[in-house]
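Undergrad: Here's a structure for you.
Where a number appears in this text, it was derived from the coordinates with a stated rule and is not lab data. Every value quoted in this text rests on a predicted model; they were computed, and no experiment measured them. Backbone-built Cβ (ideal geometry, glycine too); neighbour counts: all protein chains shown.
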Amino acid sequence: MAEINTPAPPNTPAPPDTPAPPHTPAVLSQRTPPRHPAPPHHRPHSVLRGLLKTARPKQWVKNLLVVAAPAAAGQLFTRHALTRLALVFALFTACAAAVYLINDARDADADRAHPTKRHRPVAAGQVPVPVAYGVGGVLAVLALALAGWLTPPLVPALLTAYVGMQLAYCVSLKHVLVVDLVVVTTGFLMRAMVGGLALGIPLSRWFLITTGFGALFMVAAKRYSEAVQMEGTEGATRALLTEYTPGYLRFVWQLAAGVAVLGYCLWALEDGGTHAAPTATGLLPWRQLSVVAFILAVLRYAVFADRGTAGEPEEVVLGDRALAVIGLVWLGMYGLAVAHC
C-alpha cells in the first residue's frame, strides 16, 4: 500500500535540518546588525538652562554683601558708588558661578551616587563635564581680567584670592575639619570687604569682626542642621559631617553668635558713644538702639538653628516674617544713624 503524506499540524516544530524561512526573526537577526542606543544629544537651549542652574542663581543673594561696607559708612547712595558696586556684584557673581561649575564638573561621578545631588545638571548629563569645565574657566578668567581693568588693584587681588581659595576648597579643603568652616566663612567676609575696597572705604575692625563671626554663626548653624537631619541616614550628605558631632557644631554657632553680638555692640558704641548729645535731626542714639534689633535678629535665627532647620540660610532669612520685620527695623535704625552722623 502506498504511503499517504499528510500535512503536519500547525504547531508541529520543523525538523532540525529544515532551513528557516527567510522572513523569520532568526534570519533577520543575522542579516541586521544589532542596534546600540545613540549617545544623548545635548540641545543648546537645554545646556544653557543647565549652565544657568549650575551657577546657583538662588545663591547670588549672598553677593549683596558687597554693599555692606559702603552702607555702614553712609556712602551707598551716590551714582559713582552704585555703578561701582553693581560692577563688583557682577564680577563676584561670575567668580562664584565659575567655582560652582568647576566644582560640579569635578564631583560629577560622586554626585551621581547621591540621592539629591544626582539631579544637578552636570551629574544628570544635561551639561557635559568638559563644557562645565570650559565655561567655568572662561568665566573666572574674564571676571578677573575685567576686575583688573575696571576696578582698583585691591579688588582683583581679593577676587583672585577668592577663586583660588574656593578651588582649593573644592579639591581638598572641604575634607579638612574646621578648615572647611573657616573657608566658607572667609568667602562671606570677602564679599563684605570687596565693596569697601572698591570705593576706598576704610574697614572698621569691629565691622570685620561682626561680619566674620556673623557669617561663622550662619555657616555653623547650617552644618549643624545638616548633621541633625542626616542622623540615621548614611550617605545623605557630605562625608565630612560624619566627623563632626552635633554638640561640637552647636558649640561653634553659639560661640560665633556671642562674639558677633559683642563685636556689634562695640562697633555701635565706637562712634558717638552713649553720651552723644541729641541734635535737631537726630533726637535718639539710633546706632546704639540698633543693638536691640541686632540681638533680636540673632536670637530669632538661633531658634531655627536650634531646631536644626537652618540648612538653607537664605530661606530662613527671606521666609520668616518675624525675622524679616526685625531686619527691617534694624535697617531703619541704622539708616537713621548713618543719615544723622
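Undergrad: Where Lys and Arg each count +1 and Asp and Glu each count -1, what net charge lies around Gly137 among other residues with Cβ under 14 Å from its Cβ? Please report the intermediate quantities before stating the final value.
TA: Numbers: positive: Arg106; negative: Asp104.
So the environment of Gly137 carries a net charge of 0.
Undergrad: Okay, moving on. Assign one of three labels to the range 153-219, namely rounded, prolate or oblate, based on the Cα gyration tensor with a ≥ b ≥ c the square roots of its eigenvalues; rounded applies when a/c is under 1.5, prolate when it is not and a/b is larger than b/c, and oblate otherwise. Let's see the in-between values first.
TA: Values: a/c = 3.52, a/b = 1.36, b/c = 2.59.
Note, shape of the range 153-219 comes out oblate.
Undergrad: Along the range 330-339, what does the Karplus equation 6.51 cos²θ - 1.76 cosθ + 1.60 (θ = phi - 60°) give for ³J(HN,Hα), rounded to whole Hz, x for Gly and Pro?
TA: 4, 4, x, 5, 5, x, 5, 5, 5, 5
Undergrad: Set the Förster radius R0 to 22 Å, insert the Cβ-Cβ distance between Val292 and Glu312 as r into 1/(1 + (r/R0)^6), and round the FRET efficiency to 0.05.
TA: Details: r = 27 Å, r/R0 = 1.23.
Efficiency, rounded to the nearest 0.05: 0.25.
Undergrad: Still on this structure: At 7 Å along Cα-to-Cβ for each site, give me the label-to-label distance between Leu284 and Thr78 in nm.
TA: For Leu284 paired with Thr78, the spin-label model returns 3.0 nm.
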